[in-house]
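Peer 1: Structure incoming, see below.
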Amino acid sequence: MDIQHELEIIKRGIAELITEDELKDKLKRKKSLRIKLGLDPTAPDLHLGHTVVMQKLRQFQDLGHHVFFVIGDYTARVGDPSGQSVTRPALSEEIIEKNAKTYTDQAFKILDRAKTTVAFNSHWLAKMSIADFIKLGSKYTVARMMERDDFKKRLDEGSDVSILEFYYPLMQAYDSVVLKADVEIGGTDQKFNLLVGRTIQKRYDQEQQIVLTMPLLVGTDGVMKMSKSYGNYIGISEPPNDIFGKVMSISDDLMWTYYELLSQKGMEEIKTLKHDVKAGHAHPKAVKEALAFELVSRFHSKADAEKAKAHFDHVFAKRKLPDQIEEKTIDTNLSDISLVQALALAEFAPSKSEIKRVIQQGGLELDGEKITDIDAKISTTTEHDVKFGKRKFARIRFRNIS
């Protein structure tokens, strides 16, 4: 493939490339580049935000390059300080091992197994002696480390920064030395760590890696980056119906970012879709459904995507309840009960205040009718079908205990 065309594919959707000239030189000299991505297994599941960088890895693989998927089982014990306002608590080895297993299981939903080497950085970091760590520490200066925004902000606020946190970017950089990485990929929040990798490689007399950063995917709320802690994520191991429904919940504007960063469609095809929507030749809902269908097919199967679309059309588009919904039984000796109390006992939300918020915002349907009165009561002599929020359904039954 022509190098310029290869660069066009590599640069699709990226935030920054350091540097393009160096990458061109590597592509001219090497048939297959060594592409590195490191992920610390700090949570049990991967979500679409993780797949932005993994999708870029797959593009490199399709161009003939080899990926080193580094599971940071050792660096996870330190904790990445990127974007952190406090020192991260250490994770136990048991949790790290369990999370790492899910990462490797899920990664090959995107990556080409034949062109991927999975590496655990404990295999080399755990074998380093005190002398090795002293040597590594001598390769970088405190002045350069203090240029990091996370550290400067925390110190200005009077918060602690541990010496151990200084070692996180150094250990991540040493991974690049061990693997002789040609390119390292990460989110924009990883830029400092990736640049440290360039410096450390040079000081170990290696050719410097190219740094390629990808944008942080905005979550379903349309505001914050996708994160489990923000509750705005779409997990790639979630049930097909949930993935489909969550993708359909994003705004029409955000949909185009998801297309660029997550879809396997070519940019010309995406531009055509965008033009058709703007010109009124295509409905944004249909275009969004195509994206949801593509993602469910990738992480599950085409058959699952067809079922998920049918479920969405049946439940959401036609505003009907599913054919089979969860049943919840509440024990009571009363003839009627507060709606908020009933929903709390049925565990629709973790608190009554959250239930009241959903009701006041028009997110509750009881027996097919929208209820906005937080003081409403319901009869306990009959069952009730409840639609709570966008995706939670249940049938409430009452059992008399008098």
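Peer 1: Strictly greater than 21 Å: what percent of every Cα pair in segment 206-275 meets that?
Peer 2: Every Cα pair in segment 206-275 considered, those over 21 Å come to 37 percent.
Peer 1: Next question, about the same structure. At 0.36 nm per residue, and after removing the present C-alpha to C-alpha distance, how many nm does the segment from Asp385 to Ile130 gain when stretched out fully?
Peer 2: Extending this stretch completely gives an extra 85.4 nm.
Peer 1: Most mobile of Asn333, Asn241, Asn99 per a Gaussian network model of the chain (Cα springs, under 10 Å)?
Peer 2: Highest fluctuation among the options: Asn333.
Peer 1: While we're looking at this one, here's another question. What is the dipole size for segment 3-216, taken about its Cα centre, with +1 at each Lys and Arg Cβ and -1 at each Asp and Glu Cβ, in debye to the nearest 20?
Peer 2: Result for segment 3-216 is approximately 700 debye, rounded to the nearest 20.
Peer 1: Assign unit charges at the C-beta atoms only (+1 for Lys and Arg, -1 for Asp and Glu), then state the dipole size of the chain relative to its Cα centre in Debye, rounded to the nearest 20.
Peer 2: Dipole magnitude for the chain comes out near 660 debye.
Peer 1: Also: For segment 3-216, how big is the tail of P(r) above 33 Å, as a whole percent of Cα pairs?
Peer 2: 12 percent
Peer 1: Please give every one of the aspartates and glutamates within straight-line cross-link reach of Lys191, meaning a C-alpha to C-alpha distance under 15 Å, and leave out same-chain neighbours fewer than 8 residues apart.
Peer 2: Qualifying aspartates and glutamates at Cα under 15 Å: Glu16, Asp80, Glu147, Asp149, Asp150.
Peer 1: Sticking with this structure for a sec: Find how much the distance from Lys28 to Ser351 grows on full extension, using 0.36 nm per residue of separation minus their present alpha carbon separation; answer in nm with one decimal.
Peer 2: Extra length from Lys28 to Ser351 when fully extended: 110.3 nm.
Peer 1: Check each of the GluC sites (Glu not before Pro) in segment 280-373 and keep only those in coil by DSSP with at most 10 other C-beta atoms within 10 angstrom; list them in order.
Peer 2: Glu347
Peer 1: Give the Rg (one decimal place) followed by the Dmax (whole number) of segment 174-296, computed from C-alpha coordinates and expressed in Å.
Peer 2: 18.5, 58
Peer 1: Give me the lysines in straight-line cross-link reach of Lys278: C-alpha distance below 22 Å, same-chain residues under 8 apart excluded.
Peer 2: Cross-link targets: Lys265, Lys288.
Peer 1: Choose one answer from Thr199, Thr382, Thr213: the residue with the largest mean-square fluctuation in a GNM of the chain with alpha-carbon springs under 10 Å.
Peer 2: Of the options given, Thr382 has the highest mean-square fluctuation.
Peer 1: Return the Rg/Rh value of segment 145-203, two decimal places, where both radii are evaluated on C-alpha atoms and Rh is the Kirkwood radius.
Peer 2: Rounded to two decimals, Rg over Rh is 1.02.
Peer 1: Taking the chain as a Gaussian network, Cα atoms linked when under 10 Å apart, which of Lys152, Lys180, Lys377 shows the biggest mean-square fluctuation?
Peer 2: Looking only at Lys152, Lys180, Lys377, the biggest GNM fluctuation is shown by Lys377.
Peer 1: I would also like to ask the following. Taking 7 Å along the Cα-to-C-beta vector as the label spot, tell me the His314-Ala15 distance in nanometres, rounded to one decimal.
Peer 2: 4.1 nm
Peer 1: Continuing with the same structure: Find how much the distance from Leu155 to Asp367 grows on full extension, using 0.36 nm per residue of separation minus their present alpha carbon separation; answer in nm with one decimal.
Peer 2: The Leu155-Asp367 span can extend by a further 70.8 nm.
Peer 1: Computed on alpha carbon atoms, what radius of gyration and Dmax characterise segment 346-402, expressed in Å?
Peer 2: 11.4, 35
Peer 1: If you don't mind, another one. Note down the magnitude of the dipole of segment 238-317 about its Cα centre, charges +1 on Lys and Arg C-beta and -1 on Asp and Glu C-beta and zero elsewhere, to the nearest 20 debye.
Peer 2: My answer is approximately 60 debye.
Peer 1: Now, a different point. Using the Karplus curve 6.51 cos²θ - 1.76 cosθ + 1.60 with θ = phi - 60°, what ³J(HN,Hα) values do you get for each residue of segment 375-392, in whole Hz, with x for Gly and Pro?
Peer 2: Residue by residue, segment 375-392 yields 9, 5, 10, 10, 6, 9, 8, 9, 7, 9, 8, 10, 10, 10, x, 8, 9, 10 Hz.
Peer 1: Rg (Å, one decimal) plus Dmax (Å, integer) for the alpha carbons of segment 249-347?
Peer 2: 19.6, 64
Each value in this text was obtained by applying a stated rule to the coordinates, not by laboratory testing. Bear in mind that the values here come from a model prediction, so they are computed numbers and not experimental data. Please note: Cβ atoms are built from the backbone with ideal geometry, for glycine as well, and neighbour counts cover all protein chains shown.
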